[in-house]
Structures are given as C-alpha cells and as structure tokens.
Amino acid sequence: MMKPKIEEASQWCYRGVWGVLTRWFHVPHQPPTLPASAQDEQIRSFKPSEGFLNYLKLQFWFFCLLIDVGIFVGWVIITFNWPWVGMLLAIPALLVAVLPDIVAFVAIYLRFDTTWYVISDRSLRIRRGIWVIHETTI
C-alpha cells in the first residue's frame, strides 16, 4: 500500500518541477497548425515515439561515460603525481563532471517535449527547439 503513495508523490514532484521548466523555456503545449485547403482534409499531429527518447538517452549515457571517465582519469593522474593538487581539484572535478550531465539530461527531455510533427494531405511540418523554435514545412 505504501508504494502507490510514493509513486504518486514522485509524479507530483516531477510534474511540478517539469511544469516550472517548461514554463521557463516557453515549451509550447499545442502542436503547430497547418492551413487546410479543404474542410475534409485530414490533419494529424503527434510527438516523437518513446524510441526517439530512448535513442537520445543512449547517446547521452555513451558520451557522458566517455567525458566523465576522461575527467576521472585526468584527476587520478594529477592526484597520483601531485596529491595536494589532486585533493584541491577533487570537488571542482566532480562539479565539472556532474553539473553538465544534469543540464544535458534535462535538455534531452526538453528537446523531446518540444518536437512535434503535423501531417496533412499536402504537407509535413516539423517543429523543434528549446530556446529558438525551428519549424520546417515540406
């Protein structure tokens, strides 16, 4: 019985934090529109699949691992050769390794949430972007 309460609380926190971020970055909640030439023309709007999000996260973890391992190896080499310098650089190295990862992970979800596809009988419109919204109509 305790588990649903924890999941409910975590979802509430997630929606609150995510709501602040999406308002701050002005993430549009509605899909873009297309001018319809005929009233019977069908227009479909949809977001990317979860597979796209999983692909972005796989890229993130791969590059995160490469960069963070590089930072750690550099810190170990410095610590081995100059222990005092290594101790002084421990916290900055940790911050340099972790803070960009957090920002990049949030950016992945923002990129996913800001991507829309709108298809009609005559065109395809793709909208994406976080700070600058790009719309491409084909």
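Some points to look at:
- Neighbours of GLU135 by Cβ distance under 13 Å: Lys/Arg scored +1, Asp/Glu scored -1, total +3.
- With the convex hull constructed from alpha-carbon coordinates only, the stretch 27-132 shows a mean projected area of 8.5 nm² over all directions.
- Surface composition of the stretch 30-138: carbon and sulfur make up 71 percent of the accessible area, probe 1.4 Å.
- Summed side-chain charge close to VAL118 - residues other than VAL118 whose Cβ falls under 9 Å, Lys, Arg +1, Asp, Glu -1: +3
- What the phi angles of the stretch 92-97 give under the Karplus curve with 6.51, -1.76 and 1.60, with θ = phi - 60°, is a coupling list of x, 5, 5, 5, 5, 7 Hz, glycine and proline written as x.
- Cβ crowding within 10 Å averaged over residues, with 51-60, 103-112 ranked highest first: 103-112, 51-60
- Value in Å of the Kirkwood radius, where the stretch 74-121 supplies the Cα pairs that are averaged: 13.6
- Short-range pairs are left out: with C-alpha atoms under 8 Å and at least six residues apart, the relative contact order of the stretch 22-138 is 36 percent.
The values are calculated or read from the model by the stated rules, or taken from the named source; none is laboratory data. As the structure is a prediction and not an experimental result, all values here were calculated from the model. So basically every Cβ, Gly included, is an ideal-geometry build from the backbone, and we count neighbours across all protein chains shown. Keep in mind that these areas ignore ligands, DNA and RNA; they rest on the heavy atoms of the full protein, side chains included. Shrake-Rupley method; radii C 1.70, N 1.55, O 1.52, S 1.80 Å.
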